[in-house]
Amino acid sequence: MFGLTDGPVDAVRSDAWDTLYYKLEREIIYRSLFGRFRVSELALARHFRVGRTVARNLLLRAQAIGILEKGAKAHWYVVPLDEDRLRDIFEVRATLEPLLLKSATATIPAALLDRMAERLREGIQHRDRVGVGELDEIEGDLHIRCLGYGANREMIEALKRTHCAFVIGKHIQVALTAPQIDSFMDEHLVIIEALRARDGDAAAAILRRHIEWSHSKVAGWIAEFRAINVISRVPYMA
């Protein structure tokens, strides 16, 4: 916009911002399955034809969910996702999330739970048309917004680095040759209905099983993805 680049740069609208982020998120996740890659902020800005501030904000958003990190000399790196890290992520989630949800059961507003249940029913009914952004919102309803009413703030902070687990599966499923629509919305609806009934014990128990099942599903998708894919080059990763 200031004429400091080799060509014209368009202003980024909020919907375009999300589109750029999901493209970046997908490429990061794909490469995390094959090791450690360095990400160039300048090359990313040039590739997306945006300013350095926009590129940095995209990278910070990826860092916030634990798929990027800063290393020596403030360089950006993809966080590798191997079987050990995947196991650790889901072990943390299976331990902390049910405890938080149980403590949150009495304080989550009824109107909020009603809206979440309605969003899930609509998503289930039209699951073949649900976009990536909508899936993010649906995942966030249970695993972020509901848990945000939990009593232990330290647990909430500790869980932030496990948020990458929500986005891994959706991107890998899309990349598979015969993608299957995950049943997580059906599972979420059962948990939300237990919360609407203010049955914290049931909600916590179902959530733990849901997380354990999710671990098995994601591990299987990752194994299939690695077996059939070779990662192509993108100009902002090396």
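The values are calculated or read from the model by the stated rules, or taken from the named source; none is laboratory data. What you see is a predicted model, and the numbers here were worked out from it, not measured in a lab. Virtual Cβ from ideal backbone geometry, glycine too; neighbours counted across all protein chains shown. Note: areas computed on protein heavy atoms with side chains; ligands, DNA, RNA excluded. Shrake-Rupley method; radii C 1.70, N 1.55, O 1.52, S 1.80 Å.
Of note:
- Here the chain is assigned +1 on the Cβ of each Lys and Arg and -1 on the Cβ of each Asp and Glu. Its dipole about the Cα centre then comes out at about 800 debye.
- The chain - percent of accessible surface contributed by carbon and sulfur, probe 1.4 Å: 54 percent
- For segment 160-235, the extents of the C-alpha atoms along the principal axes are 50, 27, 17 Å, listed from largest to smallest.
- Whole-number Å³ per residue for the convex hull built on Cα positions in segment 49-112: 166 Å³
- Looking at segment 33-83, the accessible area is 51 square angstrom per residue; that uses a 1.4 Å probe and ignores ligands, DNA and RNA.
- Whole-Hz ³J(HN,Hα) from phi, Karplus 6.51 cos²θ - 1.76 cosθ + 1.60, for segment 71-82, glycine and proline x: x, 4, 6, 6, 6, 8, 9, 5, 7, x, 10, 9
- In units of the rule-of-thumb radius 2.2 N^0.38 Å, segment 93-200 shows an alpha carbon radius of gyration of 1.08.
- Short to long, the 5 Å bins of the Cα pair-distance histogram for segment 43-164 hold 2, 9, 14, 16, 17, 17, 13, 8, 3, 1 percent of all pairs.
- Rounded to the nearest 10 degrees, the angle from helix 110-125 to the longest Cα principal axis of the chain is 70 degrees.
- Pairwise centroid distance, computed over Cα atoms, of segment 196-219 with segment 63-139, Å: 13 Å
- In degrees, nearest ten, helix 14-32 long axis to first principal axis of the chain (Cα): 90 degrees
- Solvent-accessible surface (1.4 Å probe) assigned to Y236 amounts to roughly 10 Å².
- Accessible solvent surface per residue of segment 129-238, calculated while the other protein chains remain in place, 1.4 angstrom probe, Å²: 49 Å²
- For the chain, alpha-carbon Rg relative to the globular expectation (2.2 N^0.38 Å, N residues): 1.07
- Here's the list of aspartates and glutamates a cross-link from K160 could span, going by alpha-carbon distance under 12 Å and ignoring same-chain residues fewer than 8 apart: E97.
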